[in-house]
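J.: Quick one: this structure, given as C-alpha cells, is what I'll be asking you about.
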Amino acid sequence: MGGGQGWRRGLLVALAAALLAGCAATSGGSAGGTPTLNWYIFHDVSGSFPADAAACSAASGGEYNIQIRELPAAADGQREQLVRRSAAKDGSLDILGLDVVWEAEFAEAGWIAPWTGERRRQVEQDAVKAALDTATWKGQLVAAPFNSNTQLLWYRKDLVPHPPKTWAQMLSQAETLARQGKPHDIEIQGASYEGYTVWVNAMIASAGGRVLSDDGQRVVLGPAAAKGVSLIGQLARSPAADPSLGVQQEDQNRLAFETGKAAFELNYPFVYPSARQNAPAIAKKMGWAEYPRVDAKLPSRPPVGGVDLAVSAFSQHKQQAFDAIQCLRDRDNQLRNAVNGGLPPTLASLYRDPRLIKGGYPFAAEILDSLQRGGVRPKTPAYQSVSVAISTSLYPPSAAGPGRLGQLRGQLQDAIESKGLIP
C-alpha cells in the first residue's frame with residue numbers, strides 16, 4: 001500500500017549499489033521435534049528477511065525454526081491471502097506480516113493474539129511512537145512494529161537555499177521559480193490509489209483534524225479537514241503541479257525528480273539512494289527537511305507506513321511465535337533490514353546508531369522526528385472501504401476542497417456502517 005510497500009519497487013536497483021550488500025540466507029525446515037513457524041511476509045530481494053529467519057532459528061536453541069512463506073508482491077494480494085486463510089482458521093498461520101492499516105480488521109475479527117504483560121512491555125520499550133500506534137487497537141497491543149516508513153520533503157538546494165516550513169511557503173517558492181523559467185514542480189502522489197489517501201490524511205492531520213474517531217465508528221471531518229484538502233486543490237491548480245499529478249505514484253515522483261524537472265518532492269527515503277545511483281548530479285543537490293506544515297502554528301503530521309508482525313490466533317505454536325517475533329525485531333535484525341533492505345527501524349535508539357547513519361541514513365534524525373509525530377491513517381476494521389472513499393471522493397486533486405467533504409462524509413459513513421468488509 002502507499003506508505004507501506006509500493007515505494008520499495010524503485011528502491012531495489014538503487015540499494016544494490018548505494019547501500020551494503022544483502023546478507024543471503026535461507027530458512028530451513030523443521031528438524032526432529034523442532035516446530036516450524038510459518039512467517040507470512042512480502043518478498044525481500046535484499047536477503048534481509050531470510051537472514052533474520054536463519055539467525056533467530058539458530059538463536060532459539062531448538063525452540064523453533066522459522067520458514068518464510070512469501071506473500072504476493074501487491075499489498076492487496078497480500079491482504080487477500082491472509083484474510084482468506086484467517087477466515088478459514090488456517091492452523092498453518094503463525095507469524096503474519098501486516099501492513100500498518102490492517103491491524104484493526106484482523107484484531108476485530110479475532111484473527112490475531114494480543115500482546116500482554118511482560119511481552120507487551122518489551123515491545124513498547126524504545127518503540128517509535130507512530131509505529132507503536134499502528135500496532136494498537138482499542139487499547140490492546142495487537143502486533144509488534146517490525147519496520148516503519150515516513151515521508152520527508154526533498155528539495156533542490158541549488159534552487160531553494162532555505163527549505164519551506166509550510167505548504168504555503170513551498171507553493172510560493174515554486175511559483176517564483178516557474179516565473180523565472182527554472183525547474184519548479186512539486187512531486188507528490190496524486191493518482192487515485194492508497195498513496196493519495198496517505199496524502200489526504202497527512203494534510204488533514206497536519207491541520208489539526210482527523211478523518212475518524214479513535215474507535216473508527218464516527219466520521220470526524222471538520223474545519224481542519226477543509227483547510228487541509230483546500231491546499232491539495234490549490235497545489236493541483238497551480239503552476240507548481242506536475243502535469244501528470246493525477247496519475248502519479250511514488251516511483252513516478254522519483255523518476256521526475258531525477259530528471260531535474262522538479263524543485264520539490266514529498267516521498268519516502270528510498271529516493272535518496274536511487275538518485276545517488278541513477279542521477280548523481282541531482283543527488284549532490286538534494287536536501288531534505290521535515291514534511292511541510294499546513295498551519296504554521298502546528299507541527300506537521302507526516303505519513304506513516306511499514307509492517308507489523310502479529311501472532312495468528314490459529315497458530316499451534318503461539319508462545320514460540322511470540323518469542324520469534326521478539327527476535328525478528330531485535331536491534332541487529334532491524335539494523336540489517338534498514339541498511340540492506342531500506343526499511344526504517346521501529347526502535348528509536350537505532351536512529352542514533354552510527355552504523356545506521358553511515359549505512360545510508362544521513363537523514364536518520366529527520367526520519368525519527370517525523371515518526372515520533374506521524375499521522376497514522378484512520379483505524380477501522382473497514383479500512384479498505386474507507387481508503388477507497390477518500391481516494392475517489394477527493395479525486396482528481398484539482399477538485400479537492402471543502403465542497404467535496406459532504407460527499408466524502410457520506411461515503412465514509414457508508415463504509416464504516418457496512419456489514420461486511422471488502423474480501
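J.: By what distance, in whole Å, do the Cα atoms of the stretch 152-289 stretch along each of the three principal axes, largest value first?
T.: Ordered largest first, the stretch 152-289 gives principal extents of 49, 30, 25 Å.
J.: Across the stretch 214-220, in residue order, what do the Karplus-derived ³J(HN,Hα) couplings come to in whole Hz, using 6.51 cos²θ - 1.76 cosθ + 1.60 with θ = phi - 60° and x for Gly and Pro?
T.: So the Karplus estimates, Gly and Pro as x, are 4, 8, x, 9, 9, 7, 10 Hz.
J.: Taking 0.36 nm per intervening residue step and subtracting the Cα-Cα distance, what contour gain separates R69 from E417 on full extension?
T.: Values: separation 348, 0.36 × 348 = 125.28 nm, distance 3.40 nm.
Length gained between R69 and E417: 121.9 nm.
J.: Straight-line reach only, C-alpha to C-alpha below 19 angstrom: list the aspartates and glutamates that K358 could link to, leaving out same-chain residues fewer than 8 apart.
T.: Cα-Cα hits under 19 Å: D332, E366, D369.
J.: What is the Cα radius of gyration of the chain over 2.2 N^0.38 Å, N being its residue count?
T.: 0.96
J.: Moving to a separate point now. Arranged from highest to lowest average of other beta-carbon atoms within 10 Å per residue, in what order do the peptides 154-164, 99-109 appear?
T.: Highest mean packing first, the order is 99-109, 154-164.
J.: For K284, which lysines qualify as cross-link partners when the Cα separation must be under 16 Å and same-chain residues fewer than eight apart are set aside?
T.: List returned: K157, K261.
J.: Could you give the size of the charge dipole of the stretch 141-244 about its Cα centre, using +1 on the Cβ of each K and R and -1 on the Cβ of each D and E, expressed in debye and rounded to the nearest 20?
T.: Its charge dipole is roughly 320 debye.
J.: What is the spin-label model distance, in nm, from D332 to R352 if the labels are put 7 Å beyond Cα along the C-beta direction?
T.: Going by the 7 Å Cα→Cβ label model, 2.3 nm.
J.: Here is a follow-up. Between helix 331-341 and the chain, what is the angle of the helix's C-alpha long axis to the longest principal axis, kept within 0 to 90° and rounded to the nearest 10?
T.: Here the helix axis deviates by roughly 50 degrees.
J.: How much of the DSSP beta bridge set in the stretch 152-289 is antiparallel, as a percent to the nearest 5?
T.: 70
J.: Quick one: putting +1 on the C-beta of Lys and Arg, -1 on the C-beta of Asp and Glu, what dipole do you get for the chain around its Cα centre, in Debye to the nearest 20?
T.: 940
J.: Quick one: what are the phi-derived ³J(HN,Hα) couplings along the stretch 162-168, Karplus 6.51/-1.76/1.60 with θ = phi - 60°, whole Hz, x for glycine and proline?
T.: 10, x, x, 8, 10, 5, 4
J.: With a Cα-only, solvent-free Debye model of the stretch 85-157, what are the log10 I(q)/I(0) values at q = 0.28 Å⁻¹?
T.: -1.40
J.: Any idea what the relative contact order of the chain is, in percent, if you count C-alpha pairs under 8 Å spaced at least 6 apart?
T.: Values: 903 pairs, mean separation 114.3, N = 423.
Answer for the chain is 27 percent.
J.: Pairs to check: K138/K379; K182/K297; K165/K227; K297/K379. Give those whose C-alpha atoms are more than 20 Å from each other in this structure.
T.: K182/K297; K297/K379
J.: Residue farthest toward the positive end of the dipole of the stretch 152-289, with Cβ of Lys/Arg at +1 and Asp/Glu at -1: which of Y193, P183, M203?
T.: P183
J.: Per DSSP helix of 4 or more residues, -39500 (n - 2.57); summed, then divided by the residues of the chain. What does that give at 222 nm, rounded to the nearest 500? Could the numbers behind the result be given before it?
T.: Values: 18 runs with 174 residues, N = 423.
Using -39500 (n - 2.57) per qualifying helix, the result is -12000 deg cm²/dmol.
J.: Using only Cα atoms and rounding to the nearest 10 degrees, what angle (0 to 90) does helix 318-328 make with the longest principal axis of the chain?
T.: The helix 318-328 is inclined about 50 degrees to the chain.
J.: Using the per-residue mean of other Cβ atoms lying within 10 Å as a proxy for protection, in what order, highest first, do the peptides 207-220, 114-127, 309-322, 264-277 fall?
T.: With the highest mean Cβ count within 10 Å placed first, the list reads 264-277, 309-322, 207-220, 114-127.
J.: I've got another one for you. If the cut-off is a Cα-Cα distance under 20 Å, which lysines reach K318, setting aside same-chain residues fewer than 8 apart in sequence?
T.: List returned: K89.
J.: A further question follows. What FRET efficiency do you get for S238 and Q372 if R0 is 25 Å and r is their Cβ-Cβ distance, rounded to the nearest 0.05?
T.: FRET efficiency, S238 to Q372: 0.20.
J.: Output ³J(HN,Hα) for the stretch 253-264: one whole-Hz value per residue in order, computed from phi by the Karplus curve 6.51 cos²θ - 1.76 cosθ + 1.60 with θ = phi - 60°, and x for Gly and Pro.
T.: 4, 4, 5, 5, 5, 5, 6, x, 8, 10, 9, 9
J.: Given contacts defined as C-alpha pairs under 8 Å and at least six residues apart, what's the relative contact order of the stretch 152-289, whole-number percent?
T.: Values: 202 pairs, mean separation 53.7, N = 138.
Relative contact order for the stretch 152-289 comes out at 39 percent.
J.: Here's something else I'd like to know. Can you list the trypsin sites (Lys or Arg not before Pro) in the stretch 330-423 that are in a DSSP coil and have 13 or fewer other beta carbons within 10 angstrom? Don't skip to the answer; put the middle values down first.
T.: Values: sites: R331, R336, R352, R355, K358, R373, K379, R404, R409, K419; in loops: R373, K379, K419.
Answer in residue order: K419.
J.: I've got another one for you. Considering the options F257, Q316, P239, tell which one lies farthest towards the positive end of the dipole of the chain, charges being +1 on Lys and Arg and -1 on Asp and Glu at the Cβ, about the Cα centre.
T.: Most positive-ward Cα: P239.
J.: Collect residues whose amide H, placed 1.01 Å from N in the peptide plane, falls under 5 Å from the amide H of W137; neighbours closer than 5 in sequence don't count.
T.: For W137, the qualifying residues are V142.
Every number here is computed from the coordinates shown, using simple stated rules; none is lab data. Everything quoted here is computed from the prediction, not taken from an experiment. With ideal geometry, Cβ positions are generated from the backbone for all residues, glycine too; neighbour counts draw on all protein chains shown.
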